[in-house]
Amino acid sequence: NAGVTQTPKFRILKIGQSMTLQCTQDMNHNYMYWYRQDPGMGLKLIYYSVGAGITDKGEVPNGYNVSRSTTEDFPLRLELAAPSQTSVYFCASSPPNQPQHFGDGTRLSIL
Amino acid sequence: GENVEQHPSTLSVQEGDSAVIKCTYSDSASNYFPWYKQELGKGPQLIIDIRSNVGEKKDQRIAVTLNKTAKHFSLHITETQPEDSAVYFCAASPRPGANNLFFGTGTRLTVIP
C-alpha cells in the first residue's frame, strides 16, 4: 500500500547543479502533478500530466522540466539550480475527476 | 486566475473546544473545495471535500460549509483533540483532479491538552 513515493526526502544542491526528483505511484492513476510549497504559502502547481507521453505547464514551470514515459513515474528535473528553487516539492496523483493523493515530499535546499 | 484566501494563519484552541477555519475564493467557475491536513514532514492528506451542489457536508467531528453566493467555505472541527494539531489547507478547483487546484496559505492549528 505504498501510494505516491518520492525520493530523495532531502537534498542539498549547489547553485548551477542539476538533479532529478523522482515520483512513482502504484495506484494506476492517469493524472500526476508536481507542486512546490514555499514557507508560509500554499502549494503551487509546476507541471502536470494526464497520461503517459502527455505533460503540460502549471502555474510556476520556469526552471523545471518533466517527462512521463510510464503511467507510474513522473520525474521532475532541475537543470541549473538557483536559490529561488529552494522549496519542498510534492508529487500527487489522481484518477480523472477524483481527488489528488500526495507523496511526503522532497525538501530541497540550494546554496 | 483563482485566488484563495485563508484565515486565520494560526489558531490555538483548548482540547475539546471547536475550531473554525475560513476561506474565500474569487473564481465563480470553482465547483470543488477540498480540505487537506498536513502533519510535520508529511504530504497533504485529504480530510473532507465539498462540491458546489451541496451547502454542507459532515464526517464525524469534521464538517465543511459552502456559501457559493458569497464565495466562501469553512472547515469546522468539533471536540478537538491533540492529534488534530497540524496545518490545514483549503483549495478550490473547477472539479476534482483538475490541473488548476488553487491552495490557500494554510492555518496552523494547535490543540492545547
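Structure summary
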read-out: Nearest-0.05 FRET efficiency for residue A:62 and residue B:54, computed from C-beta distance (R0 45 Å); value: 0.75
read-out: Total accessible surface hidden between B and A, rounded to 100 Å², 1.4 Å probe; value: 1600
read-out: Simple label model, 7 Å out from Cα along Cβ direction - residue B:9 to residue B:69, nm; value: 3.3
read-out: For segment A:79-111, residues shielded by at least 40 square angstrom of accessible area compared with the chain on its own, probe 1.4 Å; value: A:97, A:99, A:100, A:102, A:104
read-out: Length added when fully stretched, residue A:12-residue A:38, from 0.36 nm per residue minus Cα-Cα; value: 7.8 nm
read-out: Percent of alpha-carbon pairs separated by more than 20 Å within segment A:4-111; value: 32
read-out: HN-Hα J in Hz across segment B:107-113 - Karplus 6.51, -1.76, 1.60, θ = phi - 60°, x for Gly and Pro; value: 10, 8, 9, 10, 9, 8, x
read-out: Extension reserve of the residue A:80-residue A:109 stretch, reckoned as 0.36 nm per residue once the Cα distance is removed; value: 9.1 nm
read-out: Rounded to 5, the percent of DSSP beta bridges in the protein assembly as shown classed as antiparallel; value: 90
read-out: Per residue accessible area of chain A, 1.4 Å probe, in Å²; value: 48
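The values are calculated or read from the model by the stated rules, or taken from the named source; none is laboratory data. The shown structure was predicted, so the numbers you read here are calculated from the model rather than taken from an experiment. Here Cβ is always computed from backbone atoms with ideal geometry, including for glycine, and neighbour counts include all displayed protein chains. Quick note on the areas: whole protein, heavy atoms, side chains included, nothing else; ligands and nucleic acids left out. Shrake-Rupley method; radii C 1.70, N 1.55, O 1.52, S 1.80 Å.
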